[in-house]
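Q: A single structure is presented below for examination.
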Amino acid sequence: MGKTGKKYAKAREAVDKPQYPLSDAVATVARSAFAKFDETVEVALRLGVDPKHADQMVRGTVILPHGLGGRAKKVLVIASGEKLKEGQDAGATYVGGEDMVAKIQTENWLDFDAIVATPDMMKSVGKLGKVLGPRGLMPNPKTGTVTFEVGRAVREIQAGKVEYRVDKTGIVHAPLGKVSFGPDKLLENARALIDSVIKAKPAASKGKYVKSIALSSTMGPGVRVDLASVEGH
């Protein structure tokens, strides 16, 4: 067993219960992180939905109270006229119109973390579906990234807005912040995200909605959450 294997085994031993209340789960994950870098803490919620049916799709956004830490996100604004300046003033990394669409099309340029587009530009942006869609970068009115309120959208992304969607296996994966945030801030972020997913429950979902919740850090072991400690599941 290599060094990392030994550290993981030791961290695994620290997880000594099958399930923990949410606050203890967060503290256990933070405590058992062992990598030399500042690991990201993530949550995985297994949901009782069948995402193959459109009316059981779970997706949404939430602004985490303490953001995600790490570097500032690179936001691209695709708009025209005064909306370009609004995006720039709000802290967008890149602003442009048809020129940006062409750059992505011809150069496969993807040096950004999020796109905000105004509705009038979506005819052009729609052509980028095959490039942006699989990477989760396609602007969408449901997640507030197709809007004339460009400045607000950019500020929300920079403030730690997290977009989530259920994958084809019925699981929502989302980041909660860095281990260095400490248990209290991570707990508040976790509650905000879990509450948002619970509120996004589709009307067509039958039976138990949240089947399980697990937390983990980038390198550390998974820690299961006792669902009784999560209100509204």
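The values are calculated or read from the model by the stated rules, or taken from the named source; none is laboratory data. Keep in mind that what you see is a predicted model, and the values were worked out from it rather than measured. Here the Cβ positions follow ideal geometry from the backbone for every residue, glycine too, while neighbour counts run over all protein chains shown. The accessibility values were calculated without ligands, DNA or RNA, using every heavy atom of the protein model including side chains. Shrake-Rupley method; radii C 1.70, N 1.55, O 1.52, S 1.80 Å.
Q: Here is a list of conditions, (1) within 30 Å of GLY222 (Cα to Cα); (2) open to solvent by 70 Å² or more (accessible area, probe 1.4 Å); (3) not acidic (Asp, Glu), and GLY60 meets all of them except one; can you say which number that is?
A: (2)
Q: Still on this structure, I have one more. I'm trying to understand the selection: among the residues of the stretch 76-101, which are assigned to a helix (DSSP H, G or I), farther than 13 Å from GLY151 by Cα and open to solvent by 40 Å² or more (accessible area, probe 1.4 Å)?
A: Within the stretch 76-101, GLU98, ASP99 qualify.
Q: Related question: In the stretch 26-48, is there at least one residue being assigned to a loop (DSSP other than H, G, I, E, B) and either in contact with a Pro (Cβ under 8 Å, 6 or more places away or on another chain) or on the phi > 0 side of the Ramachandran plot (or both)?
A: For the stretch 26-48, residues assigned to a loop (DSSP other than H, G, I, E, B) and either in contact with a Pro (Cβ under 8 Å, 6 or more places away or on another chain) or on the phi > 0 side of the Ramachandran plot (or both): absent.
Q: What are the residue pairs meeting all of these: first residue in the stretch 14-28, first residue more than 12 Å from VAL230 (Cα to Cα) and modelled with pLDDT under 95, second residue assigned to a loop (DSSP other than H, G, I, E, B) and among the β-branched types (Val, Ile, Thr), Cβ atoms under 7 Å, and 6 or more apart or on different chains?
A: These pairs meet every condition: THR28/VAL15.
Q: Could I ask something else about it? Residue under question is VAL179, and the condition is that it be open to solvent by less than 80 Å² (accessible area, probe 1.4 Å) and either farther than 24 Å from PHE37 by Cα or in contact with a Pro (Cβ under 6 Å, 6 or more places away or on another chain) (or both); does it hold?
A: no
Q: Same structure, new question: Of all strands (runs of 3 or more DSSP E) completely enclosed by the stretch 129-220, which ones contain at least 3 residues that are of a type in the set (A, V, I, L, M, F, W, C)?
A: In the stretch 129-220, the matching strands (runs of 3 or more DSSP E) lie at 171-178, 210-217.
Q: To continue, here is another question. Being within 12 Å of ALA174 (Cα to Cα), of a type in the set (S, T, N, Q) and either buried (at least 18 other Cβ atoms within 10 Å of the Cβ) or at pLDDT below 95 (or both) narrows it down to one of SER229, SER217, SER205, so name that one.
A: None of the other options fit; the residue is SER217.
Q: Give me a count of the residues in the stretch 106-165 that are open to solvent by less than 10 Å² (accessible area, probe 1.4 Å), out of contact with any strand residue (DSSP E or B) (no Cβ under 8 Å at 6 or more places or on another chain) and in contact (Cβ under 8 Å) with a residue 40 or more places away in the chain.
A: Matching residues across the stretch 106-165 total 1.
Q: Does the stretch 17-34 contain at least one residue that is open to solvent by less than 70 Å² (accessible area, probe 1.4 Å) and more than 21 Å from ALA190 (Cα to Cα)?
A: No - not one qualifying residue is present in the stretch 17-34.
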